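A.B. asks: Sharing a structure here in structure tokens format.
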Number of protein chains: 2
Amino acid sequence: MSSSFPHVQPPRRVLMGPGPSDVAPQVLAALAAPTVGHLDPYFLNLMDEVQQMLRTAFQTKNKLTLAVSGTGSAGMEACVVNLVEPGDKVLVCVNGVFGGRMADVAARYGADVKTIERPFGEVFSTEEIQKAVEEFQPKVVGIVHAETSTGALQPIPEISKVVHDAGALLLMDCVTSLGGLPVEIDKWNVDAAYSGTQKCLSCPPGLAPVTFSDRAVAAMEARSTKVASWYLDMTMVRNYWSDQSRAYHHTAPINMNYGLHQALRDLLEEGLENRFARHQRNHQALRSGLEAMGLKYTVAEEYRLPMLNAVTIPDGVDDKAVRGQLLNDFGIEIGRGLGPMAGKTWRIGLMGEACTQRNVLLFLAALESCLQSAGHHLTPGAGVGAANQAYSNLSA
Amino acid sequence: MSSSFPHVQPPRRVLMGPGPSDVAPQVLAALAAPTVGHLDPYFLNLMDEVQQMLRTAFQTKNKLTLAVSGTGSAGMEACVVNLVEPGDKVLVCVNGVFGGRMADVAARYGADVKTIERPFGEVFSTEEIQKAVEEFQPKVVGIVHAETSTGALQPIPEISKVVHDAGALLLMDCVTSLGGLPVEIDKWNVDAAYSGTQKCLSCPPGLAPVTFSDRAVAAMEARSTKVASWYLDMTMVRNYWSDQSRAYHHTAPINMNYGLHQALRDLLEEGLENRFARHQRNHQALRSGLEAMGLKYTVAEEYRLPMLNAVTIPDGVDDKAVRGQLLNDFGIEIGRGLGPMAGKTWRIGLMGEACTQRNVLLFLAALESCLQSAGHHLTPGAGVGAANQAYSNLSA
């Protein structure tokens with residue numbers, strides 16, 4: 001039998017959803033470099049460089065900082081399964097899909113899970129977390145820095161203090177924030193954090209950067225049970241990533257690590273501060289445009305993610321029809337709402353490579369066209385006009 | 001801080017170890033195609049095509065056939081964690097590193113694990129497995145078709161019969177055999193099997209093809225506990241891969257699936273029978289050459305893997321020095337021995353793209369050079385001469 005399928009030739013998209021984001025040509029080129037062995041001296045050195053650059057991205061000195069061989073959710077599971085033994089108390093703060101997922105993951109591994117909840121789009125106050133940790137006395141507190149499902153940004157430093165005052169470890173999801181917003185692992189005193197490559201790092205999905213503090217490593221070393229997941233067991237994975245041992249564990253995704261290496265080089269070349277400023281600038285311009293078109297953000301202003309703009313779909317506008325037209329007529333992908341936001345919200349990403357003035361203007365122009373097709377009344381040009389004005393003001 | 005690291009530029013290797021194997025240029029090119037979203041209609045269609053081609057590779061009609069978003073060991077863990085609940089009896093046949101790993105994975109997830117063992121390099125008889133299943137009455141029997149750590153090929157069909165006669169499910173590791181040797185899931189009545197992309201499929205590591213029979217799916221559906229691993233929970237993953245639901249689970253490694261799609265197209269284009277014959281032919285020629293150089297296989301003739309040739313390192317020859325010289329002077333990677341074979345055995349891979357007459361001759365010529373450097377006495381040209389004679393005889 002010969003294959004009847006055509007070769008891979010994807011359409012050209014502008015990826016402005018919740019991830020994956022656009023991937024730079026030099027990252028795609030790195031992916032396609034010839035595969036070498038997972039114990040090849042070249043690859044072992046590349047792993048060291050990836051670790052060093054990840055430490056810069058995470059703003060940490062944590063030795064145990066590496067890329068898990070799976071997507072962001074594997075990073076979440078790696079953090080949970082290494083920190084938690086059956087019966088351990090875990091407090092999870094749920095204000096979106098990914099907090100809910102963390103609670104599910106911890107419960108599956110036998111943790112005694114308690115959740116505190118805020119409606120989708122809101123964030124937690126220090127006080128409510130303080131109250132919960134004092135009452136529940138958990139071993140680990142899990143929280144999402146940037147909720148990909150809602151576009152909400154959770155402030156961390158004060159929460160970290162109350163978590164540690166109660167003797168717990170702080171586990172943080174920074175899948176969507178890493179590389180687009182400050183993620184200061186050491187300054188904030190975060191014990192374990194995980195991310196994904198396909199958001200603000202603008203590498204294809206397939207790896208999950210993680211970092212663990214010395215306190216987290218001590219907790220792993222004090223376990224009385226084996227880590228339930230062999231694949232994600234950091235007490236073994238770290239030996240492969242360690243320049244001391246290099247003990248074979250599993251075969252790393254070689255080419256994905258090539259891609260991540262290049263994506264991290266691009267991040268450091270631009271500089272973290274410049275990268276964060278770019279995300280803020282384009283977010284402000286997009287916001288001006290969307291508001292001029294009458295669209296409203298679903299998250300309060302002080303807690304909005306710059307790289308993920310959740311807006312309420314105007315009354316009478318068909319969610320799927322507009323997203324379909326954006327994709328089919330303009331090649332632009334945006335995200336739908338999840339959970340209680342399904343059908344009510346669009347999630348517009350400005351992540352990494354996709355976070356450009358060009359994309360902001362193109363998107364606003366295309367959205368105007370699609371909303372007009374949907375019979376929604378708009379002032380022609382208002383969105384683009386306001387965005388251009390915002391860029392002009394931001395430059396002044 | 002700007003990056004001080006050079007861009008990705010790996011040395012050119014000839015990958016003749018236990019995997020990863022050489023990757024074809026068209027597969028590397030597919031990897032570098034532009035990333036699209038994980039719910040993009042283009043990608044959903046590509047997933048369907050990957051599933052159809054995987055069914056051909058596995059020689060199965062199993063609906064639940066897909067690529068797990070991790071490397072081969074994640075595929076192993078996916079099979080175990082979906083079939084096994086805490087307390088379930090699992091019999092694992094251990095004759096190498098990967099059987100041992102399967103027992104470890106099952107025990108971590110709370111299975112009642114019993115192992116039967118054969119020395120590294122040997123295989124199990126139907127009788128000893130029949131005796132063990134009758135005594136232990138397991139829910140699942142795990143066995144390795146092609147032991148990557150030893151080069152031994154385990155015959156499966158008769159074992160499958162005794163396993164099913166005892167009412168158990170058969171779980172098979174075919175990481176190294178898929179795409180290089182017949183792997184007949186339906187004919188052999190295998191209930192769950194996993195592989196990796198980086199062996200005879202000649203795609204970079206990063207995905208794990210798996211397949212589950214209807215009986216295995218029924219066992220999953222009859223579980224009284226949630227699958228312990230969220231990331232690998234097939235009852236959710238299958239909805240994303242199903243053309244009915246497409247429910248978002250995790251973000252698939254888009255570009256890795258592009259690469260696998262092309263690697264599977266190449267497999268089907270060549271044809272399974274032609275691919276298997278190519279592996280046999282090059283194995284026979286390599287064997288003639290190695291034996292003419294005085295090297296001995298560690299596995300009995302009737303159980304040798306064509307794609308992984310384990311040979312005993314000659315007395316007085318330094319393992320690391322020879323492997324280092326092969327790598328540094330010729331860019332050829334071969335594998336070291338694992339477990340009790342460490343320091344005693346070389347593992348010479350002829351997998352997928354790397355399984356060529358050119359590589360057989362190059363390797364024999366280079367090995368002669370390295371053994372001479374190591375002070376080992378050889379008849380000059382004996383290996384290459386014998387291999388060329390073997391190719392000539394095989395063509396006659």
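The values are calculated or read from the model by the stated rules, or taken from the named source; none is laboratory data. The model shown is predicted, which means the values in this text are computed figures rather than measured ones. Quick reminder, even Gly has a Cβ in these numbers, built from the backbone with ideal geometry, and neighbours come from all protein chains shown. The accessibility values were calculated without ligands, DNA or RNA, using every heavy atom of the protein model including side chains. Shrake-Rupley method; radii C 1.70, N 1.55, O 1.52, S 1.80 Å.
A.B. asks: Of the numbered conditions (1) facing chain B (nearest Cβ under 7 Å); (2) on the phi > 0 side of the Ramachandran plot; (3) open to solvent by 20 Å² or more (accessible area, probe 1.4 Å), A:Gln59 satisfies every one except a single condition; which is it?
C.D. replies: (1)
A.B. asks: A further question follows. Go through A:Asp40, A:Asp22, A:Asp88, A:Asp48 for me and flag whichever is without any contact (Cβ under 8 Å) to a residue 40 or more places away in the chain and either within 12 Å of chain B (Cβ to nearest Cβ) or touching a strand residue (DSSP E or B) at 6+ places or on another chain (Cβ under 7 Å) (or both).
C.D. replies: Numbers: A:Asp22 fails: without any contact (Cβ under 8 Å) to a residue 40 or more places away in the chain; A:Asp88 fails: without any contact (Cβ under 8 Å) to a residue 40 or more places away in the chain; A:Asp48 fails: without any contact (Cβ under 8 Å) to a residue 40 or more places away in the chain.
So the residue among A:Asp40, A:Asp22, A:Asp88, A:Asp48 that is without any contact (Cβ under 8 Å) to a residue 40 or more places away in the chain and either within 12 Å of chain B (Cβ to nearest Cβ) or touching a strand residue (DSSP E or B) at 6+ places or on another chain (Cβ under 7 Å) (or both) is A:Asp40.
A.B. asks: Can I ask one more? Could you please find all residues in the stretch B:91-106 being open to solvent by 10 Å² or more (accessible area, probe 1.4 Å) and either within 8 Å of chain A (Cβ to nearest Cβ) or among the β-branched types (Val, Ile, Thr) (or both)?
C.D. replies: B:Val94, B:Val97, B:Arg101, B:Asp104
A.B. asks: If the requirement is being of a type outside the set (Val, Ile, Thr) and buried (at least 23 other Cβ atoms within 10 Å of the Cβ), which of these qualifies: A:Gly110, A:Gly142?
C.D. replies: Working: A:Gly110 fails: buried (at least 23 other Cβ atoms within 10 Å of the Cβ).
Answer to the selection: A:Gly142.
A.B. asks: Here is a follow-up. Could we say that B:Thr65 is at negative phi, more than 9 Å from chain A (Cβ to nearest Cβ) and touching a helix residue (DSSP H, G or I) at 6+ places or on another chain (Cβ under 7 Å) here? Lay out the reasoning, then the answer.
C.D. replies: On the way: at negative phi: yes; more than 9 Å from chain A (Cβ to nearest Cβ): yes; touching a helix residue (DSSP H, G or I) at 6+ places or on another chain (Cβ under 7 Å): yes.
Against the criterion (at negative phi, more than 9 Å from chain A (Cβ to nearest Cβ) and touching a helix residue (DSSP H, G or I) at 6+ places or on another chain (Cβ under 7 Å)), B:Thr65 qualifies.
A.B. asks: Check B:Trp188, B:Trp241 and return the single one that is under 30 Å from B:Leu39 (Cβ atoms) and among the aromatic types (Phe, Trp, Tyr). Show your work before the answer.
C.D. replies: Numbers: B:Trp188 fails: under 30 Å from B:Leu39 (Cβ atoms).
Result: B:Trp241 is the single residue among B:Trp188, B:Trp241 that is under 30 Å from B:Leu39 (Cβ atoms) and among the aromatic types (Phe, Trp, Tyr).
A.B. asks: Hey, B:Val133 hits all of (1) in contact with a Cys (Cβ under 8 Å, 6 or more places away or on another chain); (2) more than 17 Å from B:Tyr303 (Cα to Cα) but one; which does it fall short on?
C.D. replies: So the condition that B:Val133 fails would be (1).
A.B. asks: Let me ask another. Go through the stretch A:118-134 and give me each residue that's among the small types (Gly, Ala, Ser), surrounded by 18 or more Cβ atoms within 10 Å (Cβ to Cβ) and not in a helix (DSSP H, G or I). Give the steps one after another, and end with the answer.
C.D. replies: Step one: list which residues in the stretch A:118-134 are among the small types (Gly, Ala, Ser), which gives A:121, A:125, A:132.
Retained after the next criterion (residues that are surrounded by 18 or more Cβ atoms within 10 Å (Cβ to Cβ)): A:121, A:132.
Passing the criteria: only A:Gly121.
A.B. asks: Quick one: count up the residues across the stretch B:280-303 that are over 19 Å from B:Ser392 (Cβ atoms) and crowded, with 19+ Cβ neighbours inside 10 Å. Give the steps one after another, and end with the answer.
C.D. replies: Taking the stretch B:280-303 first, the residues over 19 Å from B:Ser392 (Cβ atoms) are B:294-303.
Pick out the ones that are also crowded, with 19+ Cβ neighbours inside 10 Å and you get B:295, B:298-299.
Qualifying residue count for the region: 3.
A.B. asks: Taking the conditions exactly as written (of a type in the set (Gly, Ala, Ser), farther than 20 Å from A:Ser4 by Cβ and in the same structural domain as B:Asn388 (by TED's automatic domain parsing)), does B:Ala252 satisfy them or not?
C.D. replies: On the way: of a type in the set (Gly, Ala, Ser): yes; farther than 20 Å from A:Ser4 by Cβ: yes; in the same structural domain as B:Asn388 (by TED's automatic domain parsing): no.
Here the answer is no, as B:Ala252 does not meet what is asked.
A.B. asks: Additional query: Answer with yes or no whether B:Pro11 is under 30 Å from B:Gly331 (Cβ atoms) and facing chain A (nearest Cβ under 7 Å).
C.D. replies: Here the answer is yes, as B:Pro11 does meet what is asked.
A.B. asks: What number goes with the only condition from (1) within 16 Å of the chain's Cα centre (by Cα); (2) modelled with pLDDT under 95 that B:Pro306 does not pass?
C.D. replies: Failing condition for B:Pro306: (2).
A.B. asks: Let me ask something additional. Take the conditions closer than 30 Å to B:Glu353 by Cα, within 14 Å of chain A (Cβ to nearest Cβ) and crowded, with 21+ Cβ neighbours inside 10 Å and apply them to B:Pro204. Does it pass? Even if it seems obvious, please write down each step before you answer.
C.D. replies: On the way: closer than 30 Å to B:Glu353 by Cα: yes; within 14 Å of chain A (Cβ to nearest Cβ): yes; crowded, with 21+ Cβ neighbours inside 10 Å: yes.
So B:Pro204 fits the description; yes.
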